[in-house]
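Notes follow once the structure below has been shown.
We did not get these values from a lab; they are worked out from the coordinates using the rules stated. Note that this is a predicted model, so its numbers are computed, not measured. Using ideal geometry, Cβ is built from the backbone for each residue, glycine included, and neighbour counts are taken over all protein chains shown.
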Amino acid sequence: MSSKNTPYKTYLTEDEIPQAWYNIRADMKTDHRPILHPGTLQPMTLEELEPVFCTELAKQELNSKDRFIEIPKGVRDFYKMYRPSPLVRARFLEKALDTPAKIYYKYEGGNTSGSHKLNSAIAQAYYAKEQGLKGVTTETGAGQWGTALSMACGFFDLDLKVFMVKISAQQKPYRKAVMETFGASVTASPSNETNIGRKMLEADPNTGGSLGSAISEAIEVAVTNDGYKYVLGSVLNMVLLHQSVIGQEAVTAFKKIDDYPDIVIGCAGGGSNLGGLMSSFMAEKLAGKSAPYFIAVEPASCPSMTRGKFAYDFCDTGMTTPLAKMYTLGATYIPSPNHSGGLRYHGMAPILSQLYHDGFIDEARAVEQTEVFKAATLFARHEGTLPAPESAHAIKAAIDEALKCKETGQAKTILFGLSGTGYFDLGAYMQYNDGTMSDKTPTDEDLERGFAAIPKVE
């Protein structure tokens, strides 16, 4: 079917849900540096990861050899509730921009959690159940991961303890309500429930928290309670592995409509959405074949890729986790309280960091939140879906690329990830609409304070 006759929405069939996750590490020219034990600074072993993570997930985290890992039937059956997700041609946006470009987006918001996070949440809950655990602990920023994991744990009858970044908990109380509806316990972080939380509050009683601090609290609870493990919604190899279903479906859909993207764009916080969307397209580039131009888009308030350092760093503010080689602002860096809570992480996934360092991810951009919400509003008015602030970072870049096509007359095909809906972000939209939203970009001095805490590890 020619792309010029492409219907408004291009759906795959149930049979086209991927049978296996794609492990991009097996194809990388340079594998990312190993994660290091925080005490010995030696590469972590499976035995050292197991006290924190489920055994099968720890194995996936360390797997750099298998290109494909079979999706368990129990996970794939759950996927059928909301997958495959649609590839949508943004025709009305194209018309509004008067661009010759073709704009597509892979829409991951069509489930109750409202985002792509459910792809990994159900997998991690499945493995926890198979291991016979009582429950799991986690952190969440904007609340999408916590919401998705609460759904997954509710499905498998697992207990869930969520530490939600304090500023996000204040901005998005309805996310907390959804999590609790599915049976989760939710605590604003940092809190007085953990030693690490109390220490952070003592240092700064008014802190809005960060994903790094919430991770520290969640890990402390997991390792001090029998029958519990810690799970994470981004950054880790296992999470990017599970999210590869997004890219696999996108490649299949483009084949069905006889088209292929020239540009692939994803918002970038910890890396799960960007990694999942681009993975199967990146496989072509790693094989030396023709491939899209890859753009990662992050908030100017938390610019790990555009202004960070490529170094070994802790994944949490409490400095209890293994060290990962990644683009980082320093584990102690606390971003300003912007409305893209899911992108307020100090570091970038090791896989994506290595790909960016090696030039396979072509470009990283940092954008201000007022410009992000301007793009989100334009998209909503013309495409009829209210995007999450995180996803709107990708929309901003897609609009910019489409306008470049208008200037040059080039009819490029643009794909971006619409990773979630913005219906729990109405407070942010209200601020944008009434003109009270502001932009907060860290100074070089702000960043230097975070860099100062990065360990001196080669």
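Two decimals is fine: what's Rg over Rh for the stretch 49-136, C-alpha atoms, Kirkwood radius as Rh?
Working: Rg = 18.1 Å, Rh = 15.9 Å.
Rg/Rh for the stretch 49-136 comes to 1.14.
Given H placed 1.01 Å from N in the peptide plane, which residues other than close sequence neighbours of GLY420 have an amide H under 5 Å from its amide H?
Under 5 Å from the amide H of GLY420: GLU108, ALA388, SER391.
Which of the helices in the chain meet the span-like rule: DSSP H, Cα axial reach of 15 Å or more, Kyte-Doolittle mean at least 0.0?
144-155, 211-223, 244-256, 272-286
So in the chain, what percent of DSSP beta bridges are antiparallel if you round to the nearest 5?
Values: 19 of 52 bridges.
About 35 percent, rounded to the nearest 5.
If neighbour count is taken as other Cβ atoms inside 10 Å, put TYR293, TYR127, TYR107 in order from fewest to most.
TYR293, TYR107, TYR127
Could you list LEU241, LEU447, LEU274 so that the one with the fewest beta carbons within 10 Å of its beta carbon is first and the one with the most is last? Please list the in-between numbers first.
Numbers: LEU241 29, LEU447 17, LEU274 34.
Ordered by Cβ neighbours within 10 Å, fewest first: LEU447, LEU241, LEU274.
Once you have a ≥ b ≥ c as the square roots of the Cα gyration tensor eigenvalues for the stretch 342-458, tell me rounded if a/c is under 1.5, and otherwise prolate or oblate according to whether a/b is larger than b/c.
oblate
Calculate for the chain the 222 nm mean residue ellipticity that helices alone would give, adding -39,500 (n - 2.57) per DSSP H run of length 4 or more and normalising by residue count, nearest 500 deg cm²/dmol.
Value at 222 nm, helices only, nearest 500: -11500 deg cm²/dmol.
Counting only C-alpha contacts under 8 Å and six or more residues apart, can you give the relative contact order of the chain as a whole percent?
Worked out over the chain, it gives 20 percent.
Please give me the summed charge of the neighbours of TYR345: other residues whose Cβ is under 13 Å from its Cβ, Lys and Arg +1, Asp and Glu -1.
On the way: positive: ARG344; negative: GLU139, GLU298, ASP313, ASP316, GLU390.
My count for the surroundings of TYR345 gives -4.
Most exposed first by the Cβ proxy, i.e. fewest other Cβ within 10 Å, how do ILE395, ILE69 rank?
Exposure proxy ranking, most exposed first: ILE69, ILE395.
Here are a few candidate values for Kirkwood radius over Cα pairs in Å: (1) 21.7; (2) 22.9; (3) 25.1. Which one was actually calculated from the structure I just gave you?
It is the one labelled (1).
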